[in-house]
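Read through the structure below, which is laid out as structure tokens, and then see the notes.
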Amino acid sequence: MWERTLDYLFNQRPAFERDGGKGYKPGLDTALALDKLYKEPHRRFRIIHIAGTNGKGSTAHLLASCLQQCGYRVGLFTSPHLIDFRERIRVNGRKISRNFVMQWVSDYQKKDTADMKPSFFELTTAMAFDYFAWRNVNVAVIETGLGGRLDSTNIVMPEMSIITNIGMEHQQFLGNTLEEIAHEKAGIIKHGQPVVVGRATGVVRDVFESEAKRLYSEIRFAQDKPEVLKAQHVNGVLRLTTKSYGTINCELTGDYQAENANTVLTTLNLLKRLKYRIKEKAIQEGFANVIENTGLMARWMKLGEKPLTICDSAHNPDAMEIAMRQLRGETFDQLHVILGFMGDKDVSAMLNMIPANSKLYFTQAQNKRSLPVKKLQQLAHIAGMEGNTYPTVTAALAAAREAAGENDLIYVGGSMYVLAELLTAMGFDDQLES
């Protein structure tokens, strides 16, 4: 029954993760029709809506963890999943139950929906909202899937919107300039509701300020009056010195988490004004226990020691630049880099960011959208980089481990789908069941 349910969700419904453009349905008509079919469940709980190019997943998980520690029953909707479909829909970190998913899909198939033809993401969004209402969550943290304005999550009226940052991504859907992409992300700003922007400059900032003014929405840029005053790596955590919340030991150790933390803390300051119960100790615990509280994986995640093995979700130029900067700050004898990308990414730009003298291992995810490994090798050759190809990420990791000394460092990245296959093969999974 469970396998049939997943087959229906993944294979009968077009999904962007698998089908690319075929699975992307811009517009809200179907989402609104599904919402009406389920009696508008999203109106039964408070919502914080998150968009952005990078960091929206980490920001969502950090915020959910903090609110959970503050005593709220928190719904969390994110994408994509790494190992288990149920990672996308959580309440207080616990994954939606298989029984609920199976029953929900079965009930949906019995409804008169012949004219809807929802995508995988539209159907999953409707399921999440219905589940959160059934579980009586106090607040739900909702991450957009792709873009903002026409994303199927954008039927909600959030108490607050968050836009983490803007970079070049999904140009075939969102636009060919930062300004155009910013307009799409700004679509989640709602009339009279505050918005927090993590980082924006130039024309991107102008877009957000203009849209907020048009909608009479208070806008706050987290970069302007930063809550995070200092970030340093201490004893395996990212130690944050903050303005309002004391010293925070963040369980997520990527350098980029300092920016996400700044966005989250700025958001929490505004939530206090909305009468949320926000306490310093609870926020410290939320950051310190975010992985345990939410099951977040693949963000500067340590997979092994001697050699130190790290996987990270950087999959576009902005994120890759930050990840490579952090790699250069590590101490090692030799760097081994395992890479696989989706075919719609600016791969050449990211290849040029890889540190010189790295040993390269090219692979691909078992996904229709993946860049073929031989094509990746060719692009690397054009960039003056050489490396061997491997049919799977596990084969690439085995080769890297065989070649590496105990003082070397192995980095795996380029695509969330490559990481998903690796973590699945290695038996990683959080056990936070509903």
Every listed condition ((1) buried (at least 18 other Cβ atoms within 10 Å of the Cβ); (2) out of contact with any helix residue (DSSP H, G or I) (no Cβ under 6 Å at 6 or more places or on another chain); (3) charged (D, E, K, R)) holds for residue 211 save (2)
Test residue 102 against the stated conditions and say whether it is within 26 Å of residue 87 (Cα to Cα), without any contact (Cβ under 8 Å) to a residue 60 or more places away in the chain and either in contact with a Phe, Trp or Tyr (Cβ under 8 Å, 6 or more places away or on another chain) or among the small types (Gly, Ala, Ser) (or both).
no
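Can we say residue 43 is among the basic types (Lys, Arg) and surrounded by fewer than 21 Cβ atoms within 10 Å (Cβ to Cβ)?
Values: among the basic types (Lys, Arg): yes; surrounded by fewer than 21 Cβ atoms within 10 Å (Cβ to Cβ): yes.
So residue 43 passes the test.
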Please go through the stretch 352-374 and pick out each residue that is under 21 Å from residue 420 (Cβ atoms) and either of a type in the set (Asp, Glu) or assigned to a helix (DSSP H, G or I) (or both).
373
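Examine the stretch 224-243 for a residue that is closer than 27 Å to residue 180 by Cβ, surrounded by fewer than 20 Cβ atoms within 10 Å (Cβ to Cβ) and free of Cβ contacts under 8 Å to residues at least 40 places away in the same chain, and state whether such a residue exists. Quick ask: steps written out before the conclusion?
Looking only at the stretch 224-243, we keep the residues that are closer than 27 Å to residue 180 by Cβ, and these are 224.
Next cut, surrounded by fewer than 20 Cβ atoms within 10 Å (Cβ to Cβ) only: 224.
From the residues that got through so far, the ones that are free of Cβ contacts under 8 Å to residues at least 40 places away in the same chain too are 224.
Yes, the stretch 224-243 contains at least one residue that is closer than 27 Å to residue 180 by Cβ, surrounded by fewer than 20 Cβ atoms within 10 Å (Cβ to Cβ) and free of Cβ contacts under 8 Å to residues at least 40 places away in the same chain.
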Which residues, taken from the stretch 305-342, are free of Cβ contacts under 8 Å to residues at least 60 places away in the same chain and under 24 Å from residue 394 (Cβ atoms)?
305, 324
Mind checking which pairs have a first residue in the stretch 70-96 that is aromatic (Phe, Trp, Tyr) and a second that is surrounded by fewer than 21 Cβ atoms within 10 Å (Cβ to Cβ) and at pLDDT 95 or above, Cβ under 6 Å, 6 or more apart or different chains?
72/138
Please find, within the stretch 274-298, the residue that is surrounded by the fewest Cβ atoms within 10 Å (Cβ to Cβ) out of those that are β-branched (Val, Ile, Thr) and under 23 Å from the mean Cα position of the chain (by Cα).
291
For the stretch 400-417, how many residues are surrounded by 17 or more Cβ atoms within 10 Å (Cβ to Cβ) and either within 19 Å of residue 308 (Cα to Cα) or not assigned by TED's automatic domain parsing to the domain that holds residue 305 (or both)?
9
Answer residue from the stretch 394-415, given it is touching a Leu at 6+ places or on another chain (Cβ under 7 Å) and assigned to a helix (DSSP H, G or I) and is nearest to residue 99 (Cα to Cα) among those:
394
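Hey, which of the helices (runs of 4 or more DSSP H) in the stretch 266-351, taking only ones fully inside, have at least 2 residues that are polar (S, T, N, Q)? So that I can check it myself, show each step before the final result.
Details: elements: 280-288, 290-294, 317-328, 347-351.
Result: 290-294.
The values are calculated or read from the model by the stated rules, or taken from the named source; none is laboratory data. Quick caveat, the model's predicted, so the values are computed rather than measured. Using ideal geometry, Cβ is built from the backbone for each residue, glycine included, and neighbour counts are taken over all protein chains shown.
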